[in-house]
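Here's the structure we're looking at; comments come further down.
The values are calculated or read from the model by the stated rules, or taken from the named source; none is laboratory data. Model, not experiment: these values are computed from the prediction. Cβ placement follows ideal geometry from the backbone for every residue including glycine, while neighbour counts extend to all protein chains displayed.
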């Protein structure tokens with residue numbers, strides 16, 4: 001399971017060393033978080049080879065077909081989805097546009113959990129209509145939503161609580177396993193793609209002296225170009 005659909009590899013893409021480092025830590029963030037979450041499919045592959053509009057991606061490999069997913073599993077999916085964004089902030093004290101689609105996906109999933117799947121005790125087991133559904137039913141985009149302002153605020157609060165909690169859990173994992181994050185980023189910069197035994201080897205404990213942080217720690221430029229939605 002990729003976080004987004006990957007297009008063909010862009011073998012001619014030219015990416016600066018700074019962006020390569022950011023992308024490596026971004027994908028490393030997803031991978032390290034996935035490795036230490038209990039309710040996700042196993043980590044399978046991480047790459048920083050550009051594909052389509054992405055600079056890389058992290059892939060999980062489900063071990064069986066699934067038709068049902070629990071709230072706990074979806075909460076872990078939120079943590080995984082925000083892992084790259086949190087890694088950028090942790091390592092560079094800055095975030096880039098590379099996490100834009102991750103944040104959209106996390107927000108969409110959290111909204112679905114709250115307003116469509118009955119996974120919020122505060123909102124309850126109700127399905128709330130979306131604007132797109134209203135238009136489909138022949139009503140105008142300006143029609144009043146079929147639920148109260150109080151309910152709308154509760155939904156927004158619950159979405160924010162889910163995404164905030166996910167980001168906090170991602171940070172806890174990355175801080176606890178910062179050495180693995182640094183090793184993985186370095187390995188991706190050298191090899192571009194890791195899977196199987198090579199990927200698993202990154203998570204074997206190494207002497208603290210080897211975990212020295214990013215090669216060139218520096219703030220991300222203010223006007224950063226569009227990076228992968230990894």
Condition set part of a loop (DSSP other than H, G, I, E, B) and touching a helix residue (DSSP H, G or I) at 6+ places or on another chain (Cβ under 6 Å), scope region 16-57, selection farthest from residue 98 (Cα to Cα): answer is 39
Matching residues in region 64-88 (farther than 23 Å from residue 154 by Cα, modelled with pLDDT of 95 or more and surrounded by fewer than 17 Cβ atoms within 10 Å (Cβ to Cβ)) number 0
Residues in region 183-198 that are more than 15 Å from residue 56 (Cβ to Cβ) and surrounded by fewer than 19 Cβ atoms within 10 Å (Cβ to Cβ) total 3
Checked region 90-120 for anything closer than 20 Å to residue 172 by Cβ and buried (at least 21 other Cβ atoms within 10 Å of the Cβ); matches are 91, 99, 102, 106, 110
Note on region 184-197: residues closer than 15 Å to residue 24 by Cβ and part of a helix (DSSP H, G or I) are 184, 185, 186, 187, 188, 189, 190, 191
Checking 101, 105 in turn, the sole residue that is in a helix (DSSP H, G or I) and in contact with a strand residue (DSSP E or B) (Cβ under 9 Å, 6 or more places away or on another chain) turns out to be 101
Does residue 144 qualify as being exposed (fewer than 11 other Cβ atoms within 10 Å of the Cβ), out of contact with any helix residue (DSSP H, G or I) (no Cβ under 6 Å at 6 or more places or on another chain) and either modelled with pLDDT of 95 or more or not in a helix (DSSP H, G or I) (or both)? yes
